[in-house]
Structures are given as structure tokens and as C-alpha cells.
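Taking it in order: structure first as C-alpha cells, then the write-up.
Just so you know, all these numbers are worked out from the coordinates, no wet-lab data involved. On a predicted model such as this, the values are computed, not experimentally measured, just so you know. So basically every Cβ, Gly included, is an ideal-geometry build from the backbone, and we count neighbours across all protein chains shown.
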Amino acid sequence: MSDTDRNTALGQGVTQAGRAEIDQGLRSYMLGVYNNMVIGLALTGLVAYGANMLATTGDQSQAVAQFGHIYLTSFGQALYLSPLRWLVIFAPLLLVLFFSFGINRMAAQTARALFFVFSAAMGLSLSTLILVYTGESIARAFFITAASFGALSLYGYTTPRSLSAMGSFLIMGLFGLIIASLVNLFVHSSGFQFALSILAVLIFAGLTAYDTQSIKEMYFASDDYETATKKSVNGALRLYPDFVNIFTAILQLTGSRND
């Protein structure tokens, strides 16, 4: 073998080894993103069901208020009927804003802890769904969402096509969805809400693929532990709302209400 052949083979071997290290690092990084998101979702579910158990009672003599045909404890009255409910509704948004503007100044473990606090706050906010919809409907919507989210995220991870143009279009659509949802708070149109739920599924389905690709592109093999951990937490925070919004939209479209 000539020296040129040896150098070529050596160069290819070094390149392949470097690519293998990057691939392994990328898999570890994405696994960290999904692990954080799954833990956050599990925490949301536990808090939602825990809050519902504390807020409701089957004993009418212990009830202090009523939500439809569901009897509420004093905790439930404060959580769902008092002005405290506005804090419960808007606390997750305030936490996201604080997280987004402060993550660069946070330690990695602080960022992860704040993400879990946000997930718990979302659990309190979403606990109202258990009052409105049957448990069977919630379980069905969750499994549909999990299967859809997994497929969409896998597409975003594997596709060689850039989704940046689609992402920009979807973000504009998201702002339109938010404005329309605020309008419907005053209009209370069931038909309009049905259309918004369909639009939400489509927008957040696209954002799941786009966000996954963007999170993947955030990875650099040279990142230290602190930077990589904060990126994985930030990635989880981007995918978490996609999952939750697809879930709530599907639940609104397919769910059976507690009557």
C-alpha cells in the first residue's frame, strides 16, 4: 500500500470515528431531552390527579360548592371557583417567560428544577379537564397524542429536509390561534371552538416536527456538561407544550363530558 493510500485510509478512519462520537453524543443529548419531557409530563399528570382528588368529594355533606354535578371541597372551591383560579391559569405562562429570559444565567440543575416546577403548575391548571371529561376520554386522548407525537418527532429527527420555512409559517399560525382563542373566551361559540381545536392539532403537529429538528440542530459535540444539560432542558420545554396542546385539542374534539 502506498503512503497516499495509507493516509487516505487513516483519514477516513478518523472521520468515521469522529462521526460515531457525534452520533453517540447526539443520541445521548436527544435522550436527555425526551427524558426531561417525559418526567415533566408524568409530574403534570400526578399533580392534576392529586389536585382533583383533593378538590372533589363524593360525600355531599362535606361539599362546600358544586361544579356541575361534581361536589367540591374547600380546596376545590378555592382552586376552581375563587379568584385564585386566575393565578393557577396564568402561573405556567409566567414561569415560561421567566425561564426563557433567564435560562442563560441559570445553572443547569436550576433550569431543570424550574422546568419541573412549571410542569407541576401545568398539572394544577389542567386538573380542570378531569372535572369536565370522563377518565376514559382522557386516557384515549393521551394514547392518541403519544402515538402521534412519537411519529411526528421521529419524522423531525430523521428527515433531511429543512423545516425552517414551515416552522415560520406555523409560528405565525400559532399567534393567530392565540388571538382567536382569546376572542372565543368572550364569544363562547362551540362551533368556533371546534374549528380552533382542529387548527390547534394541525399547528402543534407541525411544530412537533419542526421543534424536534431545531432541537437536534442545537447540539454541538464540543458542548460541556453544563451547556448540554441546559440545552436538553430547553428542548424539553419546547416539546412539552406541543404534546400538551395536541392532547387538549384532541380531548376537546373526541372527549365525552361528565354529565
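Of the peptides 66-75, 158-167, the ranking by mean beta-carbon count within 10 Å, highest at the top, reads 66-75, 158-167.
Among Y29, Y225, Y155, the largest mean-square fluctuation in a Gaussian network model of the chain (Cα springs under 10 Å) belongs to Y225.
Calculated from the structure at hand, percent of Cα pairs over 32 Å apart is found among (i) 22; (ii) 15; (iii) 32 as (iii).
What's the FRET efficiency of A107 with D23 using the Cβ-Cβ distance as r and R₀ = 41 Å, to the nearest 0.05? Working from the Cβ atoms, E equals 0.90.
What separates the Cα centres of the range 163-190 and the range 48-113 is a distance of 25 Å.
Dipole magnitude for the chain: about 280 debye, using +1 per Lys or Arg Cβ and -1 per Asp or Glu Cβ, origin at the Cα centre. The listed peptides 182-188, 202-208, 99-105, ordered by packing as a protection proxy, come out as 202-208, 99-105, 182-188 (highest mean of other Cβ atoms within 10 Å first).
The peptide list 234-245, 125-136, put in order of mean Cβ contacts within 10 Å with the highest first, becomes 234-245, 125-136.
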